[in-house]
Amino acid sequence: MKKQRNEKGISRRAFLGGTIMGAAVLTQACSRFHIVPRRVLGGRGYVPPSEKLNIAGIGVGGQGGGDIDGVSSQSIVALCDVDERRAADTFKRFPEARQYRDFRVMLDREKGIDAVTVSTPDHVHAAAASAAIHMGIQGHAGDGMRRLAEWIGAGVVGPVREVHIWTNRPIWPQGIDRPKESPEVPPELDWDLWLGPAPARPYHPCYLPFNWRGWWDFGTGALGDIGCHAMDASFWILDLGAADTVEVEAETAPVNDETAPEWSQITFHFPARGEKPPLRLFWYDGGKTPPVPDELKEEGRGLPGDNGVLFVGDKGKIISPELYGGGPRLIPEARMKEFDRPPETLASSIGHYLEWIQACKGGAPAGANFDYAGPLTETALLGNLAVRAGEKIRWSAKKMEVTNCPKANRYVRDAYRRGWRL
């Protein structure tokens, strides 16, 4: 694949002009572009060519390849990746798609794109997905979250005042310093394009293809990797909105300027929402977990795994062994056995990728559209602000700033390299 570069930056024309005007982005996104009314969605029968979206992919190795497969019922017209080796399998599966290294060049040259998937490391997402955004929160389409919503909505555990979320992330190195060696860049990788808007630094294999998640310049640690997924059920069901204060517990590991800590314990405080009482959300990562509830101790059981969510209400508790909210159970088990489930009133999703495709064709907004997913992401990442500030922070969602700790505000917005500014 020919190397292609564009040093003129990301122009407004490139994002909002004829290139992808009205396009949807899967980072993901609902669109403002209307195609021929659909009769059949991909995966459920024949789709006439006139009803297929022209989709381009940005970052198509690894998870990105899976995202392209998820929307392959449509027309895959262009694929972009900075690493030829990493993207080789996806390129092979879609031989008719034009190949690029620089997504800016792709968006300038491809005039017929209707929708774009973005599966890059975190630091490139904003630059690549500025036109239209829909988060890839796969669990939001699951039935488990719908059952949770029905149970909590029916008052099965009463008003919820606490949520505890624990995860085995990070499953990559954190709490480490920058490497001192500077090995040669592999010939199949365009290191400068991989860096994108991030500050320049020498290549090292410790950053990619996966471990970028732990580095502040490229990722956002455990919270950025799994926080939006793990907090999704709470945020949606309990109408959480923005936290007003966030604080880091004393047990959190030491913090440095290069990587997120090895583990953290963070408490998010949410104000009352109408009739819903104030709520505290306790976050545990790096193998840290909440105290085992008495209801489980009585039965000689512990927490159900390395990841999970616990809802604590005035009248009981619900525990899920999955961060997406799947497989919810009332505890103790005796209560679950006698539980008279409320009616299932929330219809099943047509599927994560099909929601996006339908939205791109002028249908209903996807469940994780950015009106919902933007504030969710904002809330999850407040934990990183508190971690890096090293103290309790007060957040103004309206002003998008920390009001009590000015030093924390330097982490709210990145300074992009020349040629990548939004």
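For residues that are in a helix (DSSP H, G or I) and touching an Asp or Glu at 6+ places or on another chain (Cβ under 9 Å), scanning just the range 73-102, find the one that is surrounded by the fewest Cβ atoms within 10 Å (Cβ to Cβ). Before the answer, list the steps.
Going residue by residue through the range 73-102, those that are in a helix (DSSP H, G or I) are 84-93.
This time we only want the ones that are touching an Asp or Glu at 6+ places or on another chain (Cβ under 9 Å), so: 84-88, 90-91, 93.
Details: GLU84: 18, ARG85: 13, ARG86: 19, ALA87: 25, ALA88: 16, THR90: 24, PHE91: 17, ARG93: 15.
Result: ARG85.
Do you know which residues across the range 140-194 are among the polar types (S, T, N, Q) and either surrounded by fewer than 18 Cβ atoms within 10 Å (Cβ to Cβ) or farther than 20 Å from ASP306 by Cβ (or both)?
So in the range 140-194, the residues among the polar types (S, T, N, Q) come out as 167-168, 174, 182.
Hits for the range 140-194 are ASN168, SER182.
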Qualifying residue in the range 229-247 (condition: of a type in the set (Val, Ile, Thr), touching a strand residue (DSSP E or B) at 6+ places or on another chain (Cβ under 7 Å) and under 24 Å from HIS164 (Cα atoms))
yes
Name, by its number, the condition in (1) surrounded by fewer than 21 Cβ atoms within 10 Å (Cβ to Cβ); (2) assigned to a loop (DSSP other than H, G, I, E, B); (3) of a type outside the set (Gly, Ala, Ser); (4) modelled with pLDDT of 95 or more that does not hold for HIS34.
(4)
Please go through the range 195-205 and pick out each residue that is exposed (fewer than 15 other Cβ atoms within 10 Å of the Cβ) and of a type outside the set (A, V, I, L, M).
PRO199, PRO202, PRO205
Here the qualifying pairs (Cβ atoms under 7 Å; residues six or more apart or on different chains; first in the range 285-313 and among the aromatic types (Phe, Trp, Tyr); second assigned to a loop (DSSP other than H, G, I, E, B)) come out as PHE311/VAL157
Can you go through ALA200, ALA222, ALA242 and tell me which one is under 21 Å from TYR411 (Cα atoms), modelled with pLDDT under 95 and either in contact with a His (Cβ under 7 Å, 6 or more places away or on another chain) or not acidic (Asp, Glu) (or both)?
ALA242
Any idea which residue in the range 358-370 is surrounded by the fewest Cβ atoms within 10 Å (Cβ to Cβ), counting only those that are touching a helix residue (DSSP H, G or I) at 6+ places or on another chain (Cβ under 9 Å) and under 16 Å from GLU51 (Cβ atoms)?
GLY363
Against the conditions (1) surrounded by fewer than 18 Cβ atoms within 10 Å (Cβ to Cβ); (2) in contact with a Cys (Cβ under 8 Å, 6 or more places away or on another chain); (3) more than 19 Å from GLN138 (Cβ to Cβ), where does ILE393 fall short? Just the number, please.
(1)
Would you mind telling me which numbered condition in (1) modelled with pLDDT of 95 or more; (2) within 27 Å of ARG169 (Cβ to Cβ) GLY305 fails?
(1)
I want to confirm something. Restricting to the range 286-295 and keeping residues that are surrounded by fewer than 17 Cβ atoms within 10 Å (Cβ to Cβ) and of a type outside the set (D, E, K, R), which single residue is nearest to the chain's Cα centre (by Cα)?
GLY287
Would you tally the residues in the range 402-422 being closer than 16 Å to ALA243 by Cα and either under 21 Å from the mean Cα position of the chain (by Cα) or hydrophobic (A, V, I, L, M, F, W, C) (or both)?
4
State which residue is farthest from the chain's Cα centre (by Cα) when the search covers only the range 271-285 and only residues that are exposed (fewer than 13 other Cβ atoms within 10 Å of the Cβ) and more than 17 Å from LYS315 (Cα to Cα).
GLY274
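Rundown of residues vs (1) assigned to a helix (DSSP H, G or I); (2) free of Cβ contacts under 8 Å to residues at least 40 places away in the same chain; (3) among the charged types (D, E, K, R), yes/no style:
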position	(1), (2), (3)
VAL116	no, no, no
VAL124	yes, no, no
GLU162	no, no, yes
ARG169	no, no, yes
PRO183	no, yes, no
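Filter the range 235-257 down to the residues that are of a type in the set (A, V, I, L, M, F, W, C) and in a loop (DSSP other than H, G, I, E, B), then identify the one that is farthest from GLY383 (Cα to Cα).
LEU238
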Please verify whether GLU298 is under 20 Å from the mean Cα position of the chain (by Cα) and more than 18 Å from SER234 (Cα to Cα), treating the condition exactly as stated.
no
Look at the range 206-219 and say how many of its residues are of a type in the set (A, V, I, L, M, F, W, C), more than 19 Å from ASP414 (Cβ to Cβ) and either without any contact (Cβ under 8 Å) to a residue 40 or more places away in the chain or surrounded by 23 or more Cβ atoms within 10 Å (Cβ to Cβ) (or both).
1
Give me a count of the residues in the range 402-413 that are surrounded by 15 or more Cβ atoms within 10 Å (Cβ to Cβ) and either assigned to a loop (DSSP other than H, G, I, E, B) or touching a helix residue (DSSP H, G or I) at 6+ places or on another chain (Cβ under 8 Å) (or both).
4
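The values are calculated or read from the model by the stated rules, or taken from the named source; none is laboratory data. Predicted model only: the values in this text are computed from it and were never measured. Positions of Cβ are backbone-derived with ideal geometry, glycine not excepted, and every protein chain shown enters the neighbour counts.
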